[in-house]
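Single-structure report; data block below.
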Amino acid sequence: MVTKSTNDTETLSSAGHRLGQVVGDWWETQVMYPLLKEVATSLNLFLDNRVVQRSCRNDKVQWADVEGNFVDYDYVLELNGSADSKGIPVAFLESFWRRGARHSKDKARDDTNKLLPMRDTYPTARFLAIAACGEFTEPAREYVRSRNVELFFISKEKIIEAFSSIGATIDYPDSLPEPKKRELVRDLESKFTLANQKLAAVNLRKFAGQNAFNSFKQKIHSSLTSTPQEIRIYSLARFGPIVFNSIESASDFLSKPNPTFPANSKIAQYEYEVTFSDGSEFSREIRNFNDVVNVNNDILLLVNHFNKLIEK
């Protein structure tokens, strides 16, 4: 985490906003990153995040959707990824801290809709999730879950408790004057050494319960290791054309009980569908045969990867 000086803090943003940045950075880099790193290590995957240095990308962790639009993500788990080359994405996750409940539904909608296109774009993107802490209303949480996006949630009280364990205060009444908020920021930054950041993260696991973290890791594991149960590949043919010189001729043809189209046809596109053992599905319309092969090969790589892990 990069900590700005107090002068920069007061110039660039409100103290309340800065306090939120500090807590959010801690949640991302000291809580969720180590948790996901444990998963990546156990499954022999590469974990990408903004704290990771990679020559194959710039500072942002970006992936393109099926329409070619590039989007930033907080974490991506990759198969065969390395510091020098991108691998095949198997999981996308977003994370955040919210001090107040205001606009929770908007945040849920924004992050969920940011994640969903990855499921349609990459057949190997088996796991999509939001890791939220702080105030996040039940309607917002339900919105996430109803879109088949996993939610890992730690309450505001547990986060406050973790910071209190290192002598830091992160909550305040909305009516608190700005100078008092700046005092909170200065106090937090003075206490927020790397050692204290790690200690607060360790204590959070105690306060929230290790089972909550283990359960989330197990959900990732179960999603990624689910196997294809049925693969369906359709070829959609295009017949014709039948050419008419007048609209009346076309009408006469269409008015027949069983109008006959030419027998010769050309495949116009394919549809590739997979049902996995966890009940989830992937479906894609594909224009050429080589892309069908590529989609199938990506899923095969994923299956072979986890089969080898199981054999060990």
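The values are calculated or read from the model by the stated rules, or taken from the named source; none is laboratory data. In this text the structure is predicted, and so the values were computed from the model without any measurement. As a convention, Cβ positions derive from the backbone with ideal geometry for all residues, glycine included, and neighbour counts pool all protein chains shown. These accessible areas exclude ligands, DNA and RNA; they are computed on the full protein's heavy atoms, side chains included. Shrake-Rupley method; radii C 1.70, N 1.55, O 1.52, S 1.80 Å.
For segment 145-172, what are the residues that are touching an Asp or Glu at 6+ places or on another chain (Cβ under 8 Å) and part of a helix (DSSP H, G or I)?
Step one: filter segment 145-172 for residues touching an Asp or Glu at 6+ places or on another chain (Cβ under 8 Å), giving 156, 160, 168-169.
Once the filter is applied, which keeps residues that are touching an Asp or Glu at 6+ places or on another chain (Cβ under 8 Å) and part of a helix (DSSP H, G or I), segment 145-172 yields Lys156, Ile160.
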Considering only segment 173-196, I want to know if a residue exists there that is crowded, with 17+ Cβ neighbours inside 10 Å, out of contact with any Gly (no Cβ under 8 Å at 6 or more places or on another chain), part of a loop (DSSP other than H, G, I, E, B) and among the aliphatic types (A, V, I, L, M). no
Output the strands (runs of 3 or more DSSP E) that fall wholly within segment 20-108 and possess 2 or more residues being open to solvent by 10 Å² or more (accessible area, probe 1.4 Å), or say none. 62-64, 70-72, 88-98
Residues being open to solvent by 30 Å² or more (accessible area, probe 1.4 Å), touching a residue at least 60 places away in the same chain (Cβ under 8 Å) and farther than 22 Å from Gly87 by Cβ - total across segment 109-149: 1
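Looking at the structure I just gave you, is Phe96 farther than 27 Å from Ile299 by Cβ, in contact with a Leu (Cβ under 9 Å, 6 or more places away or on another chain) and not charged (D, E, K, R)? Before you say what the answer is, go through the steps one by one.
On the way: farther than 27 Å from Ile299 by Cβ: yes; in contact with a Leu (Cβ under 9 Å, 6 or more places away or on another chain): no; not charged (D, E, K, R): yes.
No, not satisfied.
For (1) part of a helix (DSSP H, G or I); (2) among the hydroxyl-bearing types (Ser, Thr, Tyr); (3) open to solvent by less than 40 Å² (accessible area, probe 1.4 Å), each residue gets a yes or a no:
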position	(1), (2), (3)
Phe261	no, no, no
Val274	no, no, yes
Gly279	no, no, no
Glu285	no, no, no
Asp291	yes, no, no
Asn297	yes, no, no
Leu300	yes, no, no
Ile310	yes, no, no
